[in-house]
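Just so it is clear, none of the values below were taken in a lab; they were calculated from the coordinates. For clarity, every value in this text was computed on a predicted model and none was experimentally measured. Please note: Cβ atoms are built from the backbone with ideal geometry, for glycine as well, and neighbour counts cover all protein chains shown.
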Amino acid sequence: MSGQPAFGTGKNGQTFFRWEDPSPIREPHLFYAILVEDPVNAMLRRKAECYGRELGLRGRLTPTEHMHITLIGLGDGKPKAVVDIARHVGLLIQAKPFAVCLDRLSAFGGGALVLRGSDHSPGLQTFWRKLSAVIDDSPLKPFVTNSVEPHVTLLRDRQGVPKVRERIVEPISWTVRSFALILSHRGEYKCPASWRLTGQDDALAAM
């Protein structure tokens, strides 16, 4: 018999025993992201610790080296061919570095406590549209979305975070100078490719 035994007491006061299905094994998740670099990622980690204590949260803090802003998700369990296409797409992006400012503490789905920007990060939105335009002309087109909500996840607490009310906080600003392709699996990140923003801002390279 597969699964794990579960014991407990129901609402009627009766004890119970049952076999629960094992948790599904998650495949590696592939996505484009902006990895927050030193020293800003360390600053965000300290903010996460402070907000967690202040709000009485007990969830898992995002590791410093995992602080990121997701751009476009490409799904789970992708074969090497898809990773290679995603790497090729990244090579075609030409853009200038741009500024990001996060100044709102918010609760997102899945118990995520996040920082996001009041201005919706116009520079990042412009970059995201460029990336989306190239992906839209590639085999990765099905993963293009209609919008993006730039944010950095500080921690996850499914019980405590939903009770947090959004508020303005001390802003954290930095200049984004690169983006990356990330494989996330069981709490570990691998980076198949990353690209520097070179300062060019002219027309997109042809496919």
(message) Tally up the residues in the stretch 78-112 that are in contact (Cβ under 8 Å) with a residue 60 or more places away in the chain, among the small types (G, A, S) and assigned to a strand (DSSP E or B), please.
(response) 2
(request) Name the one entry in P97, P150 that is under 17 Å from I34 (Cβ atoms) and surrounded by fewer than 19 Cβ atoms within 10 Å (Cβ to Cβ). (result) P97
(message) Take I168 and tell me if it is assigned to a strand (DSSP E or B), closer than 27 Å to G59 by Cα and more than 19 Å from the chain's Cα centre (by Cα).
(response) yes
(request) Quick one: V134 ticks every box in (1) under 15 Å from I34 (Cα atoms); (2) of a type outside the set (S, T, N, Q); (3) more than 14 Å from the chain's Cα centre (by Cα) except a single one, so which number is it? (result) (1)
(request) Would you point out the residue of the stretch 119-157, among those that are in a loop (DSSP other than H, G, I, E, B) and of a type in the set (S, T, Y), that is farthest from M43 (Cα to Cα)? (result) S138
